[in-house]
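> Sending over a structure as structure tokens; questions will come in a sec.
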Amino acid sequence: MSQEEGPEGGSGEVASLALALAHTIRRRLALGARRTADPGPPPVRSRPDLDARERLERRVAAPDRGVAESPKRPAYQAESSRREAARPASTPSGRPQGAASNGFTPEGPTPAEAAAAAADLGALEASVAACKACALCESRHRTVFMDGKGTSGIMFVGEAPGADEDREGVPFVGRAGALLTDIITKGMGLARADVTIANVLKCRPPGNRDPLPGEKGLCTAFLDRQIELVNPKVIVPLGRHAACHLLGVDAPLGRLRARVHEREGRKIVPTYHPAYLLRSPHDKKKAWEDIKLAMAEAGVSPPGPPQR
Ligand code: URA
């Protein structure tokens, strides 16, 4: 046995080993080429495949990426920084950043422009009805401006219209509205027309989702002008969303209710949202305490004991 043949055998075996090695190298090269040409996972459904309704729902429900939710912050900071933090930043056009995102193209004047031009409540209501500043105008049936004349000096402000309000164009006409009407008529001894009732948003968010920061940032110009024109003695925000928006804070309602706040010289007495009270009737007593506080601030006397 020649030492050159090596421990594995003769020259024939060496040749077949070389052939096997060449074959392996060719296979590996071919496999690598196939991997590079792999088309990957099947493509996601393209936009033209979505029907119009689905596209609209996706656009409206998509979080407003342009406006970051203000981070959770302690409820009590300096007033100016709190109010700044609660309002989305503006672009040079005056529109809050991100308000026109997700493919929606706004039309007409901004709410800030329209509200500033409205000399009275009638003109303001017409501007609200014509508003196409955010995507909610595509899904709403009616805008919901206000109810009541406000002779008592008390103004209730809710969060946004629901399905019933969107259908009728009047705030608080559904189940929560029936409870609010009872509070006004049976509790406060007033007619519904003696107070004013409005919302932060004038259009219904689809599916009753929470209003987006960009939507509130736009619509607040209408509410601010509405408050100026109604000129209430006391504002009663109903629920955490309205209270935090009006006070420019981020805090649980429990930290905000049961006391009188001031906003630009106006008194604000937050209380529970009637929809919450329908689910948690044990808190109705506390809500009644808040309402009595608001009445006292507005100089409205609670009804006396029933006459015999
Ligand atoms: N909830 C609200 O906040 N507003 C309405 O108008 C109705 C229900």
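> Bins of 10 Å, beginning at zero and ending with the bin holding the largest distance: percent of Cα pairs per bin for the stretch 151-308, please.
Calculated over all Cα pairs of the stretch 151-308, the distribution is 11, 43, 37, 8, 1, 0 percent.
> Suppose each label sits 7 Å from its Cα in the direction of the beta carbon; what would the GLU168-ALA296 distance come out to in nanometres?
Result: 3.3 nm between the two label points.
> Please give the length that would be gained between ARG209 and ASN231 if that part of the chain were fully extended, namely 0.36 nm times their separation in residues minus their C-alpha to C-alpha distance (nm, one decimal).
Roughly 5.0 nm would be gained on extension.
> Could you calculate the FRET efficiency of HIS261 with ASP182 from 1/(1 + (r/R0)^6), where r is the beta carbon distance between them and R0 is 35 Å, rounded to 0.05?
Approximately 0.85, to the nearest 0.05.
> A follow-up question, please. To make sure I understand, if each residue's beta carbon is the centre and we count other beta carbons within 10 Å, what order do VAL234, VAL144 fall in, fewest to most?
Ranking VAL234, VAL144 by Cβ neighbours within 10 Å, fewest first, gives VAL234, VAL144.
> Now for a different question. Before anything else, pin down the relative contact order of the stretch 121-188: Cα pairs under 8 Å, at least 6 apart, normalised by residue count, whole percent.
27 percent.
> So for the stretch 151-283, averaging the separation of alpha carbon pairs under 8 Å that are six or more residues apart and normalising by length, what relative contact order in percent results?
Reported as a whole number, the value is 29 percent.
> Could I ask something else about it? Once all Cα-Cα distances of the stretch 214-297 are split into 5 Å bins that start at 0, what whole-number percent is in each one?
Here the calculated profile for the stretch 214-297 is 3, 15, 25, 24, 19, 10, 4, 0.
> In addition: Could you please rank PHE104, PHE145, PHE172, placing first whichever residue has the fewest other Cβ atoms within 10 Å of its Cβ?
By the 10 Å Cβ count, ascending, the order reads PHE104, PHE145, PHE172.
> Under a crude label model (7 Å from the Cα following the beta-carbon direction), how far is TRP288 from HIS141 in nanometres?
Simple spin-label model gives 3.5 nm for this pair.
> Still on this model: By counting other Cβ atoms within 10 Å of each Cβ, how are LEU121, LEU238, LEU180 ranked from fewest to most?
Placing the least packed residue first, the sequence is LEU121, LEU180, LEU238.
> Considering only C-alpha atoms, what is the centroid distance from the stretch 127-199 to the stretch 249-272, in Å?
Using only Cα atoms to place each centre, the spacing works out to 20 Å.
> Right, next: Please report, in whole Å, how far the alpha carbons of the stretch 165-214 spread along each principal axis, starting with the longest.
That gives 37, 18, 16 Å along the principal axes, largest extent first.
None of the figures in this text is laboratory data; all of them are computed from the coordinates on show. Predicted model only: the values in this text are computed from it and were never measured. So basically every Cβ, Gly included, is an ideal-geometry build from the backbone, and we count neighbours across all protein chains shown.
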